[in-house]
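Any read-out appearing in this document is the output of simple, stated calculations on the displayed coordinates, not a laboratory observation. The model shown is predicted, which means the values in this text are computed figures rather than measured ones. Counting neighbours? That spans all protein chains shown, and the Cβs are built from the backbone with ideal geometry, glycine included.
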């Protein structure tokens, strides 16, 4: 392709601050979960409560994520504050007595971020900056901070050149490059089709979409200030998270939820390119496991860690297995052979660092996780808004 391969660049990390787990007992500990009414946050809340923590939720109940208001699944044992992470006074009140913060609140979605630039930057960057300002105020009473970041920052994952095994990076594909070389990234020197391999945390962050940049800034701000002021920070780069409670009404995030919404409405899943692009899907329960380990283990402090399954799965295969599991194998995926600007071809998590420093091991079987998602979807509200999202992307020249 026209994009030149690049060497893997290191983004080092260091251990900062004291560990949360050694400072207090769970029964006396207060944890704030921003975005705690959302998909991942609500499961974190449930787990924290089950472990004996006192939990407070701050969530603005964004209509795109919560079109029906406060969700029924929200745990009543947690204190709930309806407010925005960008509101400093509200956030200061929410932080009262907190010894730990799980920062889930975010505007999520790559495509939408490219035409809602101010909104994504405001929520993700200013929201996190506001939180950090308040944690700095409490430097004499350190609060442990867990940042939920994103694999989107990598852009394309790491690739191997078949002829000699050399590992390399390639830039984001272009329509012109795809017309010339096909869907798969190629070596700019030899023209060989490259093979995707697991991507480690020290791979350079090469994505330039707005969502990825905001998540990168979250990481850098939190780790930098945590090291400077001495409060512990852990950044978890989540790969493609799936599971119950993922919005079936939001057409901008969660490809499995989007496919499922289509299938439940009797429509075929819409698949871009040739369907052979791959992603690393990780159950929300495994993500919660990682968050709890990060909260309670000192070795995680000051580090960035990938949280995924370590397995790559094709997008077409995902559509077909969902159709099979709900008994709609007649709804073949509609493979449209079109490219969305900014889409990557392959990226799979290297989870070695999370295994080493957290003791993290993915536990949820792939089909079991999909069965759970389908079972939940049977009683969850769903709306197929894919056409609306498609029209927005087309109007902005992104497909």
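Looking at region 125-267, send over the antiparallel percent of its DSSP beta bridges, to the nearest 5. Please list the in-between numbers first.
Details: 5 of 11 bridges.
Approximately 45 percent, going by the DSSP bridge assignments.
So between residue 375 and residue 274, what do we pick up on full extension, going 0.36 nm a residue minus the alpha carbon distance? Walk me through the intermediate numbers first.
On the way: separation 101, 0.36 × 101 = 36.36 nm, distance 2.89 nm.
Contour length minus Cα-Cα distance gives 33.5 nm.
Starting with the highest mean, order 68-77, 126-135, 27-36, 185-194 by the number of other Cβ atoms within 10 Å, averaged over the residues of each peptide.
Details: 68-77: 13.1, 126-135: 19.9, 27-36: 22.5, 185-194: 17.4.
Output ranking for 68-77, 126-135, 27-36, 185-194: 27-36, 126-135, 185-194, 68-77.
If I stretch the segment between residue 178 and residue 50 completely, what's the gain in nm (0.36 nm per residue apart, minus their alpha carbon distance), one decimal? Walk me through the intermediate numbers first.
Details: separation 128, 0.36 × 128 = 46.08 nm, distance 4.96 nm.
Between residue 178 and residue 50, full extension yields 41.1 nm more.
Between residue 79 and residue 139, how high is the FRET efficiency from 1/(1 + (r/R0)^6) when r is the Cβ-Cβ distance and R₀ = 25 Å? Nearest 0.05.
0.50
When semi-axes √(5λ) of the Cα gyration tensor in Å is calculated directly from the model, which label among [x] 33, 26, 19; [y] 81, 33, 18; [z] 34, 29, 24 fits?
[x]
I need to check one value: relative contact order of the chain, counting alpha carbon pairs closer than 8 Å and at least 6 residues apart, in percent.
Values: 835 pairs, mean separation 83.8, N = 399.
Reported relative contact order: 21 percent.
Relative contact order for region 148-194 using alpha-carbon pairs under 8 Å, separation at least 6, rounded to a whole percent?
31 percent
For the chain, set up a Gaussian network in which alpha carbons nearer than 10 Å are linked by springs, and say which option among 262, 169, 179 fluctuates the most.
Most flexible of the set in this elastic network: 179.
Round to the nearest 10 and give me the degree value, 0 to 90, for the angle of helix 210-229's Cα axis relative to the longest principal axis of the chain.
Approximately 30 degrees, to the nearest ten.
Compute the acute angle (0 to 90°) between the alpha-carbon long axis of helix 127-137 and the principal axis of greatest extent of the alpha-carbon atoms of the chain; round to the nearest 10°.
Between the helix axis and the principal axis of the chain, the angle is about 30 degrees.
Could you line up 205, 223, 260 from fewest to most neighbouring Cβ atoms inside 10 Å? Show your work: numbers first, answer last.
Values: 205 20, 223 23, 260 28.
Arranged by neighbour count, lowest to highest, 205, 223, 260 become 205, 223, 260.
Can you tell me which of 331-338, 342-349 comes out highest on packing, and rank the rest after it, using the mean Cβ neighbours within 10 Å? Each step should come with its number before you reach the end.
On the way: 331-338: 15.0, 342-349: 22.4.
Highest mean packing first, the order is 342-349, 331-338.
Using the alpha-carbon atoms, what tilt in degrees (0 to 90, nearest 10) does helix 366-377 show relative to the longest principal axis of the chain?
Compared with the principal axis, the helix lies near 70 degrees.
Over region 140-198, what lengths in whole Å, largest first, do the semi-axes of the equivalent ellipsoid take, defined as the square roots of 5 times the eigenvalues of the alpha-carbon gyration tensor?
Details: eigenvalues 238, 45, 11 Å².
Each semi-axis is the square root of five times an eigenvalue, giving 34, 15, 7 Å.
Take the chain, connect every pair of alpha-carbon atoms lying under 10 Å apart with a spring to form a Gaussian network, then pick out the residue of 215, 341, 144 with the largest mean-square fluctuation.
In this elastic network of the chain, the residue with the biggest mean-square fluctuation among 215, 341, 144 is 341.
So between residue 27 and residue 334, what do we pick up on full extension, going 0.36 nm a residue minus the alpha carbon distance? It would help to have the intermediate numbers written out before the result.
Working: separation 307, 0.36 × 307 = 110.52 nm, distance 5.16 nm.
Result: 105.4 nm gained on full extension.
Report the antiparallel proportion of the DSSP beta bridges in the chain as a percent, rounded to a multiple of 5.
Values: 8 of 44 bridges.
So the antiparallel bridges amount to about 20 percent of the total.
Is it possible to state the helix-based mean residue ellipticity at 222 nm for the chain, with each DSSP H run of 4+ residues giving -39500 (n - 2.57), the sum divided by total residues, to the nearest 500 deg cm²/dmol? What is it? Could you put the intermediate results ahead of the total?
Working: 13 runs with 129 residues, N = 399.
Computed ellipticity for the chain at 222 nm equals -9500 deg cm²/dmol.
Let me have the relative contact order for region 215-329, percent, based on Cα pairs under 8 Å that are six or more residues apart. Display every interim value, and only then the final one.
Values: 135 pairs, mean separation 39.8, N = 115.
Result for region 215-329 is 35 percent.
Please list 45-52, 268-275, 149-156 highest first by mean number of surrounding beta-carbon atoms within 10 Å per residue.
Values: 45-52: 17.8, 268-275: 19.5, 149-156: 24.5.
Ranked by mean Cβ neighbours within 10 Å, highest first: 149-156, 268-275, 45-52.
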